[in-house]
1. On full extension of the chain, what length is gained from Arg81 through Ala137, given 0.36 nm per residue of separation minus the C-alpha to C-alpha distance?
2. Angle between the Cα long axis of helix 24-39 and the longest principal axis of the chain, 0 to 90 degrees, nearest 10?
3. Using Cα springs under 10 Å in a Gaussian network model of the chain, which residue among Val53, Val77, Val138 shows the largest mean-square fluctuation?
4. Simple spin-label model, 7 Å along Cα-to-Cβ: Ala147 to His16 in nm?
5. Please list, ordered by chain and number, the residues whose modelled amide H lies under 5 Å from the amide H of Arg81; skip anything fewer than 5 residues away on the same chain.
6. Stretched out fully, how many nm does the piece from Ala25 to Leu107 gain, at 0.36 nm a residue minus the Cα gap?
7. Of Pro11, Ala22, Leu127, which is farthest towards the positive pole of the chain's charge dipole, taken about the Cα centre with +1 and -1 on the beta-carbons of Lys, Arg and Asp, Glu respectively?
8. Starting from the Cα-Cα distance between His48 and Thr63, subtract it from 0.36 nm times their residue separation and give me the gain in nm to one decimal.
Amino acid sequence: MSSSDPPGDLPFVDEHRTLVAAPPADVWRSLGAQFTHHRASGADLVAHLLGTVPRRAGGPPLTEGAAVPGFAVAEAVPERRLRLAGRHRFSRYVLQFDLADRADGTLVSARTYAAFPGPHGGLYRLLVIGSGGHRLAVRRMLRDIRARAERAGA
């Protein structure tokens, strides 16, 4: 499977990219820190309300099978790809990070794939994707990853 192939039967939702002025190793560590930060963010209440799978955090970050509420590591290729997968009452989804080494740093792509079955799923899609909330959340995540990785290399 190439980095642009959809994971399973989930349709493509969107892609966001950022260039990080740091090597892939620093960006990978920053992804791990983001994963750990998500664990500590108190997402348990949201996970309970949505009925997420996985519901609880577990395992070492950036290893296949590790989890935070709503996401499990489905694939981890150090310094190349992190694929997070999950589901809840209204959606099944994958958030995939691909890292590409560039002369001036690391290009980080965040691709989202998701299915929103039934009328409740359609409403949820409208609220999360249609409102722009998902776009803002992913862009903020990429900004945080970039800032942390660039600080590490400074």
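1. Values: separation 56, 0.36 × 56 = 20.16 nm, distance 1.96 nm.
Full-extension gain reported as 18.2 nm.
2. 40
3. Val77
4. So the two model labels end up 1.3 nm from each other.
5. Leu99
6. Values: separation 82, 0.36 × 82 = 29.52 nm, distance 1.23 nm.
Gain on stretching Ala25 to Leu107: 28.3 nm.
7. Leu127
8. On the way: separation 15, 0.36 × 15 = 5.40 nm, distance 2.38 nm.
That pair, His48 and Thr63, stretches by 3.0 nm at full extension.
Bear in mind these aren't lab numbers, they're just calculated from the coordinates by the rules spelled out. From a predicted model like this one, the values you see are computed outputs, not experimental measurements. All Cβ positions, glycine included, derive from the backbone under ideal geometry; neighbour counts span all protein chains shown.
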